[in-house]
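The values are calculated or read from the model by the stated rules, or taken from the named source; none is laboratory data. Note that the coordinates shown come from a computational prediction; the quantities given were computed from them, not determined experimentally. Every residue, glycine among them, receives a Cβ derived from its backbone with ideal geometry; neighbour counts consider all protein chains shown. The accessibility values were calculated without ligands, DNA or RNA, using every heavy atom of the protein model including side chains. Shrake-Rupley method; radii C 1.70, N 1.55, O 1.52, S 1.80 Å.
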Amino acid sequence: MHVYPTVLGLYGDRGNALVLRSRAERRDLPAEIVSIEPGEPVPAGGDIYLLGGGEDLAQTTAAELLRADDTMRQVIEANGVVLAVCAGMQILGHQFRAARGLVPGLGLLDVTTDAGATRAVGELLVAPDEASFGLPALTGYENHRGRTTLGPHARPLGRVDHGVGNGDGTEGVVQRRVVGTYMHGPALARNPALADLLLGWVIGHAPAPLADPTAVALRKERLLTVRSRPAASSPENRTMSRPATVARLRIRFRSRDSDPGA
Ligand code: GLN
């Protein structure tokens, strides 16, 4: 169930649905992507619910609609499987800060998001927590201002090796069968093991392994590239470490879009 793809779908997050469908079908599991647009009721009974990233305004609208709709609450309280990326994760938490101020979330994840002093933009490399289902290193692309604090009922997906993630050295959240993350990429194309974790929750056992040369090559390239970068190139201090030409480009981008709040 792809929730509001036209509003919550930054940076190719729709790819998460395509990856799940492909990995299901290659195991002879019938799979259909159902896209729900704002204004339509979110149906209960989906196997996996996907929420992607969104600009502040789109995210605020989505939060208001989803609070009124109530299906996400029913799904999550019934241990439904959800992948919530960036704005999607923030919306499921207690509150988040958009350009116009604090916005109440759905309160289904024990997380709270405030705004950081800078946008976190760049590659994200994450070491999953020991308890995070035996996942390998996770790779993604992040672009957000939000900084997310976890409460006692939530645990992080992992620890940040490169990038910003939640902003306190942790990345993402796992609570019930909801995985929240700041990883775009899309996250499931870069991390097929995460896709299989979600599929496994649905079918009740780990899906059969797949030969996946494209995903293996993509992961190898991304992990090598990020690991070869000095720590100083992490987004929090990028302004200091970037060459002048890139810094100039960045300033031009900002003035043209005057904080897209994405
Ligand atoms: N608007 C949110 C933020 O900047 C989420 C951005 C996103 O989904 N990429 O934190």
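Structural remarks
- Interchain or long-range residues, amide H under 5 Å from Arg145's placed H: Ala120
- Average accessible surface area per residue within segment 119-172, 1.4 Å rolling probe, Å²: 36 Å²
- Loop-resident trypsin sites (Lys or Arg not before Pro) (DSSP state other than H, G, I, E or B) in segment 1-44 with no more than 16 further Cβ atoms inside 10 Å of their Cβ: Arg26, Arg27.
- Whole-Hz couplings from phi, Karplus 6.51/-1.76/1.60, listed for segment 148-157; x for Gly and Pro: 10, 10, 8, x, x, 8, 10, 10, x, 6
- Net charge, Cys86 excluded, C-beta distance under 9 Å - Lys, Arg +1, Asp, Glu -1: -2
- For Val111, the amide hydrogen comes within under 5 Å of the amide hydrogens of His94, Gly151, counting only partners 5 or more places away or on other chains and with H modelled in the peptide plane.
- Portion, in percent, of the accessible area of segment 89-197 that falls on carbon or sulfur, probe 1.4 Å: 50 percent
- Integer Hz, Karplus 6.51/-1.76/1.60 couplings in order for segment 57-70, x for Gly and Pro: 5, 4, 5, 5, 4, 4, 5, 4, 5, 6, 5, 6, 6, 6
- Cleavage-rule hits, GluC sites (Glu not before Pro), segment 88-172, DSSP coil, Cβ neighbours within 10 Å at most 14: Glu130
- Phi-based couplings in Hz for segment 6-13 (Karplus 6.51, -1.76, 1.60; Gly and Pro marked x): 7, 9, 10, x, 5, 6, x, 4
- Relative contact order %, segment 1-91, counting alpha carbon pairs below 8 Å whose residues are six or more apart: 38 percent
- Computing Rg and the Kirkwood Rh from the Cα coordinates of the chain gives a ratio, Rg/Rh, of 0.95.
- Helix content alone sets the calculated 222 nm mean residue ellipticity of the chain: runs of n ≥ 4 DSSP H residues at -39500 (n - 2.57) each, divided across all residues, give -9500 deg cm²/dmol.
- Computed over segment 87-206, relative contact order equals 21 percent, with contacts defined as Cα pairs under 8 Å that lie 6+ residues apart.
- Proximity of backbone amide H atoms, modeled 1.01 Å from N, is registered between Thr170 and Val160 at under 5 Å, excluding neighbours fewer than 5 places apart on the same chain.
- Taking the chain and dividing mean pair separation by its residue count, relative contact order in percent (alpha carbons under 8 Å, at least six apart): 19 percent
- Solvent-accessible surface (1.4 Å probe) assigned to Leu218 amounts to roughly 70 Å².
- Heavy-atom accessible surface of segment 31-71: percent carbon and sulfur, 1.4 Å: 51 percent
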